[in-house]
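Step one of this worksheet: look at the structure below.
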Amino acid sequence: MEKILQLLPQLSQQQVEQLEALKDLYTRMNEKVNVISRKDIDNIYDHHVLHSLFINNIISFTNGTDILDLGTGGGFPGIPMAIIYPDVRFLLVDGRGKKIMVVQEIIEELGLKNVTAKHIRAEEIKNRKFDYVVCRAVASIDKLISWSRPLLKNKQNNAIPNGIFAWKGGNVKKELELIPRHEYTETYPLKEYSNYEYYQEKYILYIQG
Ligand code: SAH
């Protein structure tokens, strides 16, 4: 938590309490449905919450921005982001209903009003568009691009053009090779924000919509 408070010194008391509640909530939920590996629950802040919140070093979203968390699993990065951006609207989707049940319960327990969770695959979303798609550990970048592109709004409301933020680990070079040359991309190495071993080979990739 300490690192998170350093990263976000402006959080309200309520936001800090919501973040602090995550460990117990996820420990309880994880007994029913495994959304975070058991071993990793103790690292929930260092590996999952902080990881999700590094986005704050890259962009600050305007109020009313619409964000899709594609393949949210147990709610990452969507839940921590929804806590720190109460004026941004989030839709968290996953193709597996069990995970969405967990996310739904977490949303209710935290009292978050800016988030909806839905059991649906990204390819099946109709009639809704977003400023950004965020996704962590879901699929290869070429798939993410093809699923996300039809879901991005044309109208721009933020300093960075609408697009995709993909949290990636491991061989990012290989991922970049899958992106057609004409795409505009940025690579943000997370080791610039943290000296934890865990982040030394992790990145957030941005692909313009
Ligand atoms: N983002 C979470 C979960 C990663 S596991 C985290 O970082 O912890 C990947 C999840 O993506 C799985 O729950 C899987 O069901 C979901 N998924 C994969 N492809 C999907 C698609 N096309 N639409 C919706 N969900 C998808």
Item to check | Cβ-placed point charges (K, R +1; D, E -1), dipole of region 1-109 about Cα centre in debye, nearest 20 | outcome: 340 debye
Item to check | Cα gyration tensor shape for region 94-208, rounded if a/c is under 1.5, else prolate or oblate | outcome: oblate
Checklist entry - With contacts defined as alpha carbon pairs under 8 Å and 6 or more residues apart, what's the relative contact order of region 123-186 in percent? => result 41 percent
Item to check | Among VAL49, VAL115, VAL138, residue whose mean-square fluctuation peaks in a GNM of the chain (springs only between Cα atoms under 10 Å) | outcome: VAL138
Item to check | Mean separation of Cα contacts under 8 Å (6+ apart) over length of region 7-98, as relative contact order % | outcome: 28 percent
Checklist entry - Using θ = phi - 60° and the Karplus form 6.51 cos²θ - 1.76 cosθ + 1.60, what ³J(HN,Hα) does each residue of region 88-99 get, whole Hz, x for Gly and Pro? => result 10, 9, 10, 10, 10, 10, 8, x, 10, x, 4, 5
Checklist entry - So what J values fall out for region 111-121 if you push phi through Karplus, 6.51 cos²θ - 1.76 cosθ + 1.60 with θ = phi - 60°, rounded to Hz, Gly and Pro as x? => result x, 6, 9, 9, 10, 10, 10, 9, 7, 7, 7
Next on the checklist: Using a 10 Å cut-off around each Cβ, can you sort SER148, SER140, SER12 from fewest to most neighbouring Cβ atoms?
Outcome noted: SER12, SER140, SER148
Checklist outcome for this item: One computes Rg over Rh for region 2-208 from alpha-carbon atoms, with the Kirkwood Rh, and obtains 0.93
Next on the checklist: In region 2-208, if the dipole is taken from +1 on Lys/Arg beta carbons and -1 on Asp/Glu beta carbons about the Cα centre, which of LEU112, SER148, ILE164 is farthest to the positive end?
Outcome noted: SER148
Checklist entry - Could you name the lysines in cross-link range of LYS99, using Cα to Cα under 25 Å and dropping any fewer than eight places away on the same chain? => result LYS23, LYS32, LYS39, LYS113, LYS118, LYS126, LYS129, LYS143, LYS168, LYS202
Checklist outcome for this item: Measuring from its Cα centre, the chain shows a charge dipole (+1 at each Lys and Arg Cβ, -1 at each Asp and Glu Cβ) which, in debye to the nearest 20, is 720 debye
Checklist outcome for this item: Within the set ILE145, ILE59, ILE67, GNM on the chain using Cα springs under 10 Å gives the largest fluctuation to ILE59
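How high is the relative contact order of region 2-208, in percent, with contacts defined as C-alpha pairs under 8 Å that are six or more residues apart?
Relative contact order for region 2-208 comes out at 16 percent.
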Next on the checklist: To make sure I understand, if each residue's beta carbon is the centre and we count other beta carbons within 10 Å, what order do THR65, THR72 fall in, fewest to most?
Outcome noted: THR65, THR72
Checklist entry - Out of the DSSP beta bridges found with both residues in region 2-208, what percent are antiparallel (nearest 5)? => result 40 percent
Item to check | Residue (of VAL33, PHE76, LEU53) at the positive-pole extreme of region 1-90, dipole from beta-carbon charges | outcome: VAL33
Checklist entry - Of LEU178, LEU151, LEU25, which is the most mobile in a GNM of the chain whose springs link Cα atoms less than 10 angstrom apart? => result LEU178
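Based on DSSP H runs of at least 4 residues, each adding -39500 (n - 2.57), what is the mean residue ellipticity at 222 nm of the chain after dividing by all its residues, to the nearest 500 deg cm²/dmol?
The per-residue figure over the chain is -9000 deg cm²/dmol.
Read-outs: derived from the displayed coordinates by stated rules, not from any lab. Everything numeric in this text was worked out from a predicted model, so none of it was measured. Counting neighbours? That spans all protein chains shown, and the Cβs are built from the backbone with ideal geometry, glycine included.
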